[in-house]
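Some notes on the structure that comes next.
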Amino acid sequence: MREVTAICDVCGTVFPTGVGMAPGSSALFVGNKAGPCPNCGADGTIPDGFYDFIGETLRVISDWEPERQRRLARDLARARQAPDPRGATVAALQSEPSFQAIAQRLLVPRNAGEFWTLVAAIAAVLALVLQFGEVETSTVVDHVIREQAPTVPPEERGLSTD
Ligand SMILES: [Zn+2]
């Protein structure tokens, strides 16, 4: 049993919904709303395939040399500061050949909260793998939930709440 997580539509904070879920029953919650967000009070969306996304990311990144992991971590951090953070982030992800399938899933139209939470999840995978070597999917999810911090850069948040 694991707790169902939601992603804030406005600021991208990941938060637990208080609902427990048996493994394999994720489809039940697809498209559902949950809230309020502990950071800004807006509604959140319960994302489809959040665990799968992190598991897949983990599998790909774990095979890389630390140097390559550090480079992507650095490129993602820089992209966040770029004038067009989302475009720069997509470009950074696409520059990694073995990451293209995952980047493709990020490119499907998503709201800012979902997009940046997936990017934050990739950053968490990189940070944890660099620190500990081997990491479980649930460890990454716990880490992202525990942060309880906005994942959407202020520039884009301003645009989406107007
Ligand atoms: Zn929020």
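Before moving on, here are some points about what is shown:
- Computed from backbone phi with θ = phi - 60° and the Karplus coefficients 6.51, -1.76 and 1.60, the 3J(HN,Hα) list for the range 81-92 is 8, 5, x, 10, x, 5, x, 5, 5, 4, 4, 4 Hz; x is used for glycine and proline.
- Under 5 Å, built H, 5+ apart or other chain: amide partners of Ala34: Gly44, Thr45, Ile46
- Classification of the chain by its C-alpha gyration tensor yields an oblate form. The axis ratio a/c (a ≥ b ≥ c) is 1.5 or more, and b/c is at least a/b.
- Placed amide H near Gln148: partners under 5 Å, 5+ positions off or other chain: Val14
- Near the amide H of Val19, within less than 5 Å, lie the amide hydrogens of Val4, all on another chain or at least 5 residues away, with H placed in the peptide plane.
- The chain, relative contact order [Cα under 8 Å, separation at least 6], %: 30 percent
- The range 28-91 and the range 109-162: distance between their alpha carbon centers, rounded to Å: 4 Å
Every read-out reported here was derived from the displayed coordinates using simple, explicitly stated rules and does not represent laboratory data. Keep in mind that this is a model prediction, so the values were computed, not measured.
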